[in-house]
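Okay, structure first, notes after.
The values are calculated or read from the model by the stated rules, or taken from the named source; none is laboratory data. Please read all numbers here as calculations on a predicted model, not as lab measurements. Here the Cβ positions follow ideal geometry from the backbone for every residue, glycine too, while neighbour counts run over all protein chains shown. What goes into the accessible areas is simple: the full protein's heavy atoms, side chains included, and nothing from ligands, DNA or RNA. Shrake-Rupley method; radii C 1.70, N 1.55, O 1.52, S 1.80 Å.
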Amino acid sequence: MAAAAVLRAAGRRRGLGAPARRAFWGGLRKEEKEGEADKIVHEEKSEPSLICPPPRSRSYLPPEDIQSCLESHVKEIFGPSLPDNWQQTPLKENRLKYRLLAQLAAELGHTVPNSQLHLMCSAEDVLNFYSTPVKDASKFDELCAAELPPNLKITWEQ
């Protein structure tokens, strides 16, 4: 503190104004901050970083008895309030809809994504969702495996 006061007084005697003193002292602070920032950036670059997380496996092959499986779950959860055609059972009550979808997800290992939950309005919608197979390959993988013309070649760099 005392040293700073002495330097300020010496600066006033030499005719340095406030902007000159600010530039002198502020310049040192900026250089220190830039040096610290360079160290942090260099440390971050030295650590290995993942560009994107590895894709999770989403493949799903529906079982052959999916219709009877779903019918038994619907009869178990909705009980005596079923219409004659069980596929027309409405899923209006959220508690029952959740129980049905949670049991099917646990049993089949395939969950309905959040973006499609509002589309599940009846048991038929659930049957259509769980009857559709899902491949785990991307379009690029399919292109690499396909027979391509001789003038087209795809190289996949990882």
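Observations
- Selection of the range 117-130 for residues being open to solvent by 60 Å² or more (accessible area, probe 1.4 Å) and in contact with a helix residue (DSSP H, G or I) (Cβ under 7 Å, 6 or more places away or on another chain) yields 119, 124.
- Answer residue from the range 41-64, given it is modelled with pLDDT of 55 or more and open to solvent by less than 90 Å² (accessible area, probe 1.4 Å) and is farthest from residue 130 (Cα to Cα) among those: 59
- Candidate set: the range 72-110, residues that are free of Cβ contacts under 8 Å to residues at least 40 places away in the same chain, of a type in the set (A, V, I, L, M) and under 14 Å from residue 122 (Cα atoms); chosen: the one surrounded by the fewest Cβ atoms within 10 Å (Cβ to Cβ): 82
- Only one of the listed residues (142, 147) is over 21 Å from the mean Cα position of the chain (by Cα), under 16 Å from residue 58 (Cβ atoms) and without any contact (Cβ under 8 Å) to a residue 12 or more places away in the chain. That residue is 142.
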